[in-house]
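The values are calculated or read from the model by the stated rules, or taken from the named source; none is laboratory data. Here the structure is a predicted model, which is why all the values come from computation and not from measurement. Glycine also receives a Cβ, built like all others from the backbone with ideal geometry; neighbour counts cover every protein chain displayed.
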Number of protein chains: 2
Amino acid sequence: MADEPAPISYEDLAAIEDDFSEIDTEMMRKQYDASTATYARRAEAVTKIENFWSLVLEQAPPEIDQYIHSHDSKLISEHLTGVEVTRFELDEKGPAGDPRSLRIRLEFSPNEVFSDRVLEKTFWYRRASDDWTGLISEPVKIHWKKGKDLSEGLTDGAIALFEARNKGGSMSRKGIPEYYAMEDKVEHWNGANTSFFTWFGFVSGRRYVSAKESETATAAYQQRRVARRRGEKVDVPVYAENQVSDEEAEDDSAVEVHDAGEELAVAFAEDLWPDAIKLFTQAQEMGDMSDPEFEEDDPDDDVDGNDEPVDIRSLVQGTGKGKSRDGNGPPAKRAKR
Amino acid sequence: MADEPAPISYEDLAAIEDDFSEIDTEMMRKQYDASTATYARRAEAVTKIENFWSLVLEQAPPEIDQYIHSHDSKLISEHLTGVEVTRFELDEKGPAGDPRSLRIRLEFSPNEVFSDRVLEKTFWYRRASDDWTGLISEPVKIHWKKGKDLSEGLTDGAIALFEARNKGGSMSRKGIPEYYAMEDKVEHWNGANTSFFTWFGFVSGRRYVSAKESETATAAYQQRRVARRRGEKVDVPVYAENQVSDEEAEDDSAVEVHDAGEELAVAFAEDLWPDAIKLFTQAQEMGDMSDPEFEEDDPDDDVDGNDEPVDIRSLVQGTGKGKSRDGNGPPAKRAKR
């Protein structure tokens, strides 16, 4: 064995991955700080473009688009007026905040489906006692109009369970009526076969993790990292199954209303949000190719974006009284690529 | 119109996109600097793991994997010994370098297919006179052994054309025998139906752009950005088709051996390279599930990576004389997840 290099363990590789992860997190912070002003400039610019965000959502990446059903699509295209994604812990706590935590805010004009004008969902990046990490959230109330609940009762059911557990003092409690009710529902319904808005009921891809649990686990994790750097042998925590009763086991998927709630949030933050102008331009090009009404709006419009400066007059919001594109201009042919 | 906000143009949106792009580029620089030491540590660690890179390639993301044909796969799994991705302009020119330029270096053990031990491909981020931007490259010679050219002559043909154009003083020249020869070949063969290694013949998704053309175009672009920031009206360059003869038109796709050469390079740099340890771990898990021989190697191995530190002894290179995994340990069952 003398000729062999020292063996390497999965733990050694994990330590390297931890370092990369720390660098990535630090870069997220820097990127957020560096781009805040430009995002503000974009936010101001796009308020002048009618339907900007509904057109962006039309071109949403597959991770999001696959959950937008036809009734969602109609609602979004007619009533979504604003989108905002923030890494709110950086805004609130500065350097002490985790840049991976996200808040996604959607604004709507009055509509027939729900009475909310704003739906806002918060995702906290947390570490569980067994070292699982990910985004967890709390169910958000949607005030569905009578007979209009697109989620088939999933958002309300998720809130009922969350509140019952919260009151009962254990977020992993299973033997309660609200749990059984959700278990029954989730057997048939979820984000994939109901509505995009079911996502607002999402809690976790694993189970709920409290701020306190996360804090303790993170402190322990940091201690292990430091020890490992000093070259000490470090034990990685193994989830002790006998510490909790069976009914409080780790996995809460039987009552989770959305299997991909975390992926959806990340796609909003990492794809749709930074790429919004690109997606909008794509939507314009698609509209140009397929929508004859749209063409009537603006005979001079050219979607190329590379050839020459063009006013997007047809997209400028009017006095704010209406959002219809009636097409006041004469029908005209436009150059196509 | 007095009540309406000032209209917004595609140019205004493009200016915002330019700012985002500048921020992204700056972040790439910082990320590269911040992670160099960790990449070096990883490089050292993985030399101790036999087949690390061939296992990583086995789990390559779809952007790469779709171009790895079965004969490539065999060659890679048996002979790929090293991968390195560098943003070489940062190494060479410091802050004056463009972080988007890439160099991808693959190392191989002696094999039956080509005599090269290193295949290295460089991609320069360049801006054309019409403001097109992207990665361009130069064809790399692969010394195929007799009768073993997996690219169906594409890599040699690409080099012949490149050299003939270079000698002739015009990189867009079309009316030459080397052009017609490639046009004929590319009608039938390309990276999608020959070999992963055809990628080494890639030049551009559009056409070749020289360092000089890029420098001039970049200076003009920067001037426009500055003017635009001062609030001046700026004309965007339109490609003047009458400036070059028909045979020198912009698009060189009729002789390009690989349609997705740039996407492949970016997938190497942004996915495979940073995610290598994750992909390796995935490959281990896949191997565990499907390869009975592999199980014999290391009875104590546990692929979880989360439970406890485990030596990857079976993967440690021996004296360097051979790479076979003979499985000296006794067959044994291992815990599965």
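If a residue must be in contact with a Ser or Thr (Cβ under 9 Å, 6 or more places away or on another chain), assigned to a helix (DSSP H, G or I) and surrounded by fewer than 18 Cβ atoms within 10 Å (Cβ to Cβ), how many such residues does segment A:49-87 contain?
Summing the residues that are in contact with a Ser or Thr (Cβ under 9 Å, 6 or more places away or on another chain), assigned to a helix (DSSP H, G or I) and surrounded by fewer than 18 Cβ atoms within 10 Å (Cβ to Cβ) in segment A:49-87 gives 3.
Looking only at segment A:37-75, how many residues end up being among the aliphatic types (A, V, I, L, M) and within 14 Å of chain B (Cβ to nearest Cβ)?
Selection size over segment A:37-75: 8.
Looking at segment A:21-48, which of its residues are basic (K, R) and either assigned to a helix (DSSP H, G or I) or at pLDDT 95 or above (or both)?
Of everything in segment A:21-48, those that are basic (K, R) and either assigned to a helix (DSSP H, G or I) or at pLDDT 95 or above (or both) turn out to be A:R29, A:K30, A:R41, A:R42.
B:P95: at pLDDT 95 or above and surrounded by fewer than 17 Cβ atoms within 10 Å (Cβ to Cβ), yes or no?
no
Among the residues of segment A:208-224, are any touching a His at 6+ places or on another chain (Cβ under 9 Å) and within 13 Å of A:G261 (Cβ to Cβ)?
Scanning segment A:208-224, I find no residue that is touching a His at 6+ places or on another chain (Cβ under 9 Å) and within 13 Å of A:G261 (Cβ to Cβ), so the answer is no.
Report yes if A:E163 is charged (D, E, K, R), in contact (Cβ under 8 Å) with a residue 40 or more places away in the chain and either touching an Asp or Glu at 6+ places or on another chain (Cβ under 7 Å) or more than 13 Å from A:V255 (Cα to Cα) (or both), otherwise no.
no
Can you find, within segment A:247-272, the residue that is farthest from the chain's Cα centre (by Cα) among those that are assigned to a loop (DSSP other than H, G, I, E, B) and surrounded by fewer than 18 Cβ atoms within 10 Å (Cβ to Cβ)?
Let us first name the residues in segment A:247-272 that are assigned to a loop (DSSP other than H, G, I, E, B), namely A:249-252, A:256-260.
In the following step, the residues that additionally are surrounded by fewer than 18 Cβ atoms within 10 Å (Cβ to Cβ) were identified as A:249-251, A:259.
On the way: A:A249: 26, A:E250: 23, A:D251: 21, A:D259: 13 Å.
Result: A:A249.
Since B:D18 meets every condition but one in (1) touching a residue at least 60 places away in the same chain (Cβ under 8 Å); (2) assigned to a helix (DSSP H, G or I); (3) more than 10 Å from every other protein chain (Cβ to nearest Cβ); (4) not basic (K, R), which condition does it not meet?
(3)
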